[in-house]
Amino acid sequence: MTRKCRTCKEVKNLTEFTRRPKAPQGREYQCKACRSQARSESSSYIRERFRKHVYRHNAVNLYTEATIEEVLSATNCAYCDVEMTRGKREITEATVDHVYLGHNIDENIVVCCRSCNSKKHRQHVYDFYQSSEKFTDELWHEFVKQFASRFLKHEANEQEIEAWKQGFKVESEETKRYGA
């Protein structure tokens, strides 16, 4: 059995459509590929993902509308500065990363490419930058500047940026030493 997708107008096998018992033939009107594409481009879908993340982790939603808008409008990775895409399962797909694990607050969220998010995993951000030849001192400086400015709620000056850089280094060393 086949069905014509309302979006791409292609006739496809019914298995290419999500089940929907009350619809004709028991399937959605859009094929899975078109539905996935439309959802990834929709701001309401991303907002729903934030809501579900909070629900799954029994957390309080501490993300403001401004943070969600920043996620939606980000064009470059916070870590490597590569231009990001909205395509699913691509290494340049835009994702959200917690700089410090488990802290669900606005200031701790950065938008990065899937590649950096996967490579960073649970590493301290300082170790992540040190472990890759891809990153430069300029990228590290810009990351620290942006991150510190969000926490300080004003544009960080050079002295503050250097203090934050030193703080990241000390945290990393302490984490290695004490396993914290």
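Please treat every number below as a calculation from the coordinates, not as lab data. Worth saying up front: this structure is predicted, and the values here are computed from it rather than measured. FYI the Cβ positions are ideal-geometry reconstructions off the backbone, even for glycines, and counts take in every protein chain you see.
General remarks:
- Cα-centre dipole for the chain with unit charges at Cβ (Lys and Arg positive, Asp and Glu negative), debye to 20: 2000 debye
- Remark: the stretch 3-55 carries a charge dipole of roughly 160 debye about the Cα centre, counting +1 on each Lys and Arg Cβ and -1 on each Asp and Glu Cβ.
- Gaussian network model of the chain, springs between alpha carbon atoms under 10 Å - residue of His121, His103, His154 with greatest fluctuation: His154
- Cross-link partners for Lys134 among the lysines, with Cα-Cα distance under 28 Å and sequence neighbours closer than 8 places in the same chain left out: Lys88, Lys119, Lys120, Lys145, Lys165, Lys169, Lys176.
- For Asn76, residues with placed amide H under 5 Å, excluding near neighbours: Met84
- Size-normalised alpha-carbon gyration radius of the stretch 124-180, reference 2.2 N^0.38 Å: 1.16
- Simple rule: put +1 on each Lys or Arg Cβ and -1 on each Asp or Glu Cβ in the chain, find the dipole, and look at Gln37, Ala78, Val99; the Cα lying farthest toward the positive end is Gln37.
- Reported to the nearest whole Å, the Cα centre-to-centre distance from the stretch 117-144 to the stretch 147-180 is 13.
- Sequence ranges 14-24, 158-168, 143-153, ranked by mean other-Cβ count within 10 angstrom, highest first: 143-153, 158-168, 14-24
- Segment Glu10-Glu171, length gained on full extension (0.36 nm per residue, minus Cα span): 52.5 nm
- Gained length - Thr18 relative to Tyr45, 0.36 nm times residue gap less alpha-carbon distance: 8.0 nm
- Calculated SAXS-style log₁₀ I(q)/I(0) at q = 0.08, 0.09, 0.10 Å⁻¹ - the chain, Debye, Cα scatterers: -0.36, -0.44, -0.52
- Distant-in-sequence amide H partners of Cys31 (H built 1.01 Å from N, under 5 Å): Arg6, Thr7, Cys8
- Theoretical ellipticity at 222 nm over the chain - DSSP helices of four or more residues, -39500 (n - 2.57) apiece, nearest 500: -14500 deg cm²/dmol
- Measuring nothing but how far apart in sequence close Cα pairs (under 8 Å, 6+ apart) lie, relative to its length, the stretch 124-180 scores a relative contact order of 37 percent.
- Residue separation of Glu142 and Gln130 scaled by 0.36 nm, minus their Cα-Cα distance, works out to 2.8 nm of gained length.
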